[in-house]
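Trainee: Would you mind keeping the following structure in view while I ask a few things?
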């Protein structure tokens, strides 16, 4: 890939990041508004409507987590203080997550992906909580999803909190202050149903979508030993399971310094040279047919090109401007649409 083009694609775009975050919050506000009217209704349909709002809110909490992931890579804004402040306030703290704790966890994942040292395998291969062993059994996964709506998610969320434990004073204070202010404001307004719906969505639908996305990322190696899947997703799969271009997860591991909004362009530029793209239906069939094992490999390397402390050096980030980013992004859309016919 041309170095100048790559540097251009690696530039953080705060306006685009804020737009994506605003979309998630607007859907959440709209869902909360619908819940307000449903709660005031005596019609039997209020219960399906409330369930629908939980699903919508959980889907966009999932989206906020992905945008927080971009911020953890310091890809929201060039200014690190502004980047971390916005990422914490708008994405991680409202869900009780520690930004720097997650950053340390996630960067180690990039450096060790697919090896026994990958910290994600602490969860996915846990003696009691490891529920991503192969082959995939659809009815077993369905049972796990149903259990998530009745408290089955709580041990997993607890494990996630432990793996991304706070590593600084700001990590500890940010979520506590944000959530205390949120609950206190709702209590003063007599709207405690809002935090109830928020946290209820987190421990149900949010984890369901998170759980299912795990299957699409690092569950089985391809024929070349690559532990990262390269998939394509339809619009509804992107809304619920793979928001904000997480269907470009292979490209993210290839070029982790590129913001999520530009990952389809990376796919367009590497479509011929990279591994084939597979639809989620094809991936499901592949996971069902895989011989029994858990998602880990015995190699010692992985995650090339990820510095320990940041996604990209400031010198590289400042140097070079993409001559025509619009053209690259337009080609990315066409390439992605074509890719779904390669292996579905």
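Trainee: Does the stretch 79-88 contain at least one residue that is outside any helix (DSSP H, G or I) and farther than 22 Å from residue 195 by Cα? Show your work before the answer.
Mentor: If we filter the stretch 79-88 for residues that are outside any helix (DSSP H, G or I), which is where we start, we get 79.
Checking the rest, the ones that are also farther than 22 Å from residue 195 by Cα come to 79.
Within the stretch 79-88 (the criterion being outside any helix (DSSP H, G or I) and farther than 22 Å from residue 195 by Cα), the answer is yes, since at least one residue qualifies.
Trainee: Hey, another quick one. It is to be established whether one or more residues within the stretch 269-286 are assigned to a strand (DSSP E or B), at pLDDT 50 or above and surrounded by 13 or more Cβ atoms within 10 Å (Cβ to Cβ). Even if it seems obvious, please write down each step before you answer.
Mentor: Going through the stretch 269-286, the residues assigned to a strand (DSSP E or B) turn out to be 278-279.
With at pLDDT 50 or above added as a condition, the list becomes 278-279.
Applying the additional criterion that residues be surrounded by 13 or more Cβ atoms within 10 Å (Cβ to Cβ) yields 278-279.
Yes; the residues of the stretch 269-286 include at least one that is assigned to a strand (DSSP E or B), at pLDDT 50 or above and surrounded by 13 or more Cβ atoms within 10 Å (Cβ to Cβ).
Trainee: While we're here: Does the stretch 98-116 contain at least one residue that is touching a residue at least 12 places away in the same chain (Cβ under 8 Å), out of contact with any helix residue (DSSP H, G or I) (no Cβ under 8 Å at 6 or more places or on another chain), over 16 Å from residue 253 (Cα atoms) and assigned to a loop (DSSP other than H, G, I, E, B)?
Mentor: Checked the stretch 98-116: at least one residue is touching a residue at least 12 places away in the same chain (Cβ under 8 Å), out of contact with any helix residue (DSSP H, G or I) (no Cβ under 8 Å at 6 or more places or on another chain), over 16 Å from residue 253 (Cα atoms) and assigned to a loop (DSSP other than H, G, I, E, B).
The values are calculated or read from the model by the stated rules, or taken from the named source; none is laboratory data. Everything quoted here is computed from the prediction, not taken from an experiment. Quick reminder, even Gly has a Cβ in these numbers, built from the backbone with ideal geometry, and neighbours come from all protein chains shown.
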